Amino acid sequence: MLLSLTFQYTSFIPCTHSIKSSQVPILLISRLYLWLIGRGINNNNQEERPYLQQQYVCQRITHTDMFALTALPPGVDKAEWLASNTVAFFKHINLFSSALSEFCTPSTCPTACGPGNTVYFWTDDHGRKLKCSAPLYFDYAMSYIQDLLTDEDVFPTKAGSVFPTGFVFLVQKVFLLLFRTLAHIYWSHYRETLAMGLHPHLNTLFTHLTLFCRQHALLEPEDTEPLQDLIAALGQQAAPPAARTRIQHASHFYFHHIFTCTVNLFI
Ligand SMILES: [Zn+2]
């Protein structure tokens, strides 16, 4: 895997999206408020889906053309493109879920659930399905992905190395786990996401991931069905053609920078 990639949505993201020092007291108060009203209260019993509300669904950190961002660039090997994006998505989604980890505990989330009370079961090495808490499920998931990404036989990094047979199947499995991670956040931790002001980041990351999976046929319709209403709603928020910008795939990612700043405030 020679292609190094991190996401660069645009270089002109308004600085109002970054976290300024003056916002720190507000963010800390939001965090304290969440703690006082009940640490990580699971909101998956709400019939309404707040993430579909217009005032939230239109929030993103950029309106970069995600279709252009996810397409295979001319001259780039498809396996390289999949591998590089898999690494980048894992990095960012792992970072995002870590920011909310204190709200996701065995008591607040006794099952790994998604929208519509979908319950995800972890399948162990012996093919047995385990019903486990959300933090345990996603800990399994992130460890599984981490092990896969660092396996030279699966994600080779040396020149001349080839990707194994079944590589796409493994990539599909990784994206399914990443999708479920975001599905759980939308379903069970959206209130905390709002309080921390991370909902524009979440929408941007989710839109990017779902479009990438659609472009490269990585998820089945039944995989994405629990959040199909959100996918449709976010699709309607696509940037108009005049606002589209040329995407450059570079090694620096501004989103990563501002998101890292956000997370650091809560650690
Ligand atoms: Zn949870």
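The values are calculated or read from the model by the stated rules, or taken from the named source; none is laboratory data. All figures in this text were calculated on a predicted structure; none of them were measured in a lab. Counting neighbours? That spans all protein chains shown, and the Cβs are built from the backbone with ideal geometry, glycine included.
Residues checked against (1) without any contact (Cβ under 8 Å) to a residue 60 or more places away in the chain; (2) on the phi < 0 side of the Ramachandran plot; (3) more than 16 Å from the ligand (Cβ to nearest atom):
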site	(1), (2), (3)
178	no, yes, no
187	no, yes, no
192	no, yes, no
201	no, yes, yes
206	yes, yes, yes
209	no, yes, yes
224	yes, yes, yes
227	no, yes, no
230	no, yes, yes
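Please count how many residues of region 114-136 are near the ligand (Cβ under 9 Å from one of its atoms) and either at pLDDT below 95 or part of a helix (DSSP H, G or I) (or both). Working first, answer last.
Of region 114-136, the ones near the ligand (Cβ under 9 Å from one of its atoms) are 133-135.
Filter once more, keeping what is either at pLDDT below 95 or part of a helix (DSSP H, G or I) (or both): 134-135.
Residues meeting the conditions: 2.
Of all residues in region 95-107, those that are in contact (Cβ under 8 Å) with a residue 12 or more places away in the chain have Cβ atoms under 6 Å from Cβ atoms of residues that are in a loop (DSSP other than H, G, I, E, B) and hydrophobic (A, V, I, L, M, F, W, C), 6 or more apart or on another chain, in 99/266.
What about residue 94, is it of a type outside the set (A, V, I, L, M, F, W, C) and either farther than 20 Å from residue 166 by Cα or within 15 Å of the ligand (Cβ to nearest atom) (or both)?
yes
Within region 198-208, the set of residues being farther than 15 Å from residue 233 by Cα and part of a helix (DSSP H, G or I) comprises 201 only.
In region 144-173, which residue that is among the polar types (S, T, N, Q) and under 18 Å from residue 77 (Cα atoms) is modelled with the highest pLDDT? For region 144-173, the residue satisfying everything is 172.
Here is a yes/no grid of residues against (1) surrounded by fewer than 14 Cβ atoms within 10 Å (Cβ to Cβ); (2) under 26 Å from residue 87 (Cβ atoms); (3) in contact with a helix residue (DSSP H, G or I) (Cβ under 8 Å, 6 or more places away or on another chain); (4) aromatic (Phe, Trp, Tyr):
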| position | (1), (2), (3), (4) |
| --- | --- |
| 128 | yes, no, no, no |
| 160 | yes, yes, no, no |
| 172 | no, yes, no, no |
| 175 | no, yes, yes, yes |
| 182 | no, yes, yes, no |
